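First the structure, in the form of C-alpha cells, and then the observations on it.
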Amino acid sequence: MRRRSSRILFVGFGSLVLLIGLSGLGAARRASKINSELASIYSTYRECTRILQEIRAELNLSGIYVRDYLLDPSDLTAELHRRQLLEIREHIESELAELEKLIGPDQSGTLAEMKRELDAYWQSWEPLFNWSPRQKLALSSFFLRQRVLPRRDAVLAVADGIRKINEANFQIHQQRLALAQANFRRYLWWMLGVAITLGVVVAGISIFRINRLEQESEQQQARTELAERELRRLSRELVRAQEAERRSISRELHDEVGQMLTALRMELSNLEDLPSSAPEVFRRRLAEAKQLVEQTLVCVRNLAIGLRPPMLDDLGLAPALEWQGREFSRRSGIQVDILVEGELDDLPDVYRTSVFRIVQEALTNCARHANASRVRITVHGSPEAVFVGVQDDGQGLPAGGEMARGLGLIGIEERARELGGRMSIQSQSGRGTTLTVEIPRPKGAAV
C-alpha cells in the first residue's frame, strides 16, 4: 500500500513539475522569439528610415551643388562639381543596395521605379557641365525649373512612397506582434490552467490517499488493540485452563490414587499384624490389596490416556478416534458417530496428533455449548489433503450471532494453520453447527 501510494504521488508530482518545466521552457522560447521579431522589426524600420532620410539629404545636397555650379560664372569648377555629384550618386546607390536587402518583395516595384527616376535625375544634369558661362547664365534658370527640379521631386516622391510603405509594413508587423503576444498570453493562461488543474488533481489524490492511509492506520491500530485485548483474555483463559487441568490432575491423584495407595498401605499393615494361624483371612486381605493395586493402575492409566492416548502411537489414528468417541459418549451421554475414510496411517506424527486434538477440542465444545444429542465425525484422507468434519444437531448459533472464540476454537484454528490448513464454521439457529478443517498433506505422504 505504501509503495503504491508513493508511486502514485511520485508520478503525480513528477508530472506536475515536468509540466511546469515544459510550460516555462515553452514560454521562454515564445517570449524570446517575440522579442527577437520585435527587435528585428524595429531595427529594419529604423534602418529603412535612416537610408531614406540620407537619400533625401543627398538629393538636396546634389541640388545645392548644381545650383552653386550654375551660379558660378567660371567654367573652371565644372570638374569639381561633377566629382561631388558623382560621389553623391555612388553613395545613394550603395544606400539603395542596402535598402533593397531590407524591404520586402511588395516594395521591390517601388524601389525599381525610384532607381529609374534617380537615373533620369542623374542624366538630367549631365549636359550642364558642357555649358559655357554664357549658356549657364542664359539657360540655368529654365533648365533647373524644367528638367532638374522635376526629376528630383519625382525621386523624393518615390522615396516618400517607400517611407509610407515602410511605415505601413511596420504597422502590419506591429499588429502581427500584438497577435503573437495575445496568443502568448492565452498560452500562458492555458498552461497555468492546466498546471492548476493537475495540481488540484494531484493534491486531491494525495489528500485522498493520506486520508485512506490514516483510516487504515486507525483501523489497523484498532485491530491491534483488539488483538492485544483478545490475547490478554486468551492468556488469562489459558492460565485458568492450565490451573484447572492441574487441579483436575491433582484431584485425581489425591482423591483416587492417593486414597487407593493409603488403603493399600493399610491393607499391607494389616497383613503384617495377622497371625500365621489365619491363612484364609490372609488370602482375603491379600486379594483386596491386589484389587487396590489394579484400581490404582487403572486410574494412573486413565490419567496417562487423558494426557495422550498410547493407542494413537500403537494402533493408529482411526482406533484412537473411535476410542475418543466411545469415551466421550460414556462421559457425556451424547451419541457419537465416527466415519474414517482413506489412508491416514502414513501421516507424520504431528499430523495425527493435530487431527486427534482437533476432534477432541470439537467434542469438548459440543459438550459445553451445543446442547446436542448426536455428533457425527468424518475424517477423510485424500491424496491432496486431510478433511475433518464435526457436525452436531444442537442449538446452533442465534440469527445474526457470532461464534464465541474461546481457547477451544482458537486452538483448533491454530493447529490447522500451523500445518498450512484452514478452519470454517457453518451454523444456523436451531439446526446445529458444522465445523470443517482442511489440512494439506505433507510432501511425500500422498496416497
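What follows is calculated from the coordinates using simple rules that are stated; it is not laboratory data. No experiment lies behind these values; they were computed from the predicted model shown. No Cβ is skipped: glycine too gets one built from the backbone with ideal geometry, and neighbour counts run over all protein chains shown.
What the table shows:
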item: Contour excess over end-to-end distance, with Cα ends at Glu418 and Glu230 and 0.36 nm allotted per residue; result: 65.7 nm
item: With 5 Å bins from 0: P(r) over region 309-440, alpha-carbon pairs, percent; result: 2, 11, 22, 24, 21, 13, 6, 2, 0, 0
item: Whichever lysines have a C-alpha closer than 25 Å to that of Lys164, once near sequence neighbours (fewer than 8 apart) are set aside; result: Lys101, Lys115
item: Mean Cβ neighbour count within 10 Å, used as a protection proxy, ranking 330-340, 223-233 highest first; result: 330-340, 223-233
item: Long-range HN-HN contacts of Val386 with modeled amide H, under 5 Å; result: Ile439, Arg441
item: Neighbourhood net charge (11 Å Cβ-Cβ; Lys/Arg +1, Asp/Glu -1) for Arg83; result: -1
item: Point-to-point label distance, Ala168-Arg7, nm (Cα→Cβ direction, 7 Å offset); result: 6.5
item: Gain upon complete extension [Glu280, Ser332; 0.36 nm per residue less C-alpha separation]; result: 14.4 nm
item: For region 309-440, share of DSSP beta bridges that run antiparallel, in % to the nearest 5; result: 75
item: Estimated distance in nm for a label pair at Arg89 and Ala182, the labels positioned 7 Å out from Cα along Cα-to-Cβ; result: 5.1
item: Point-to-point label distance, Ile34-Val17, nm (Cα→Cβ direction, 7 Å offset); result: 2.9
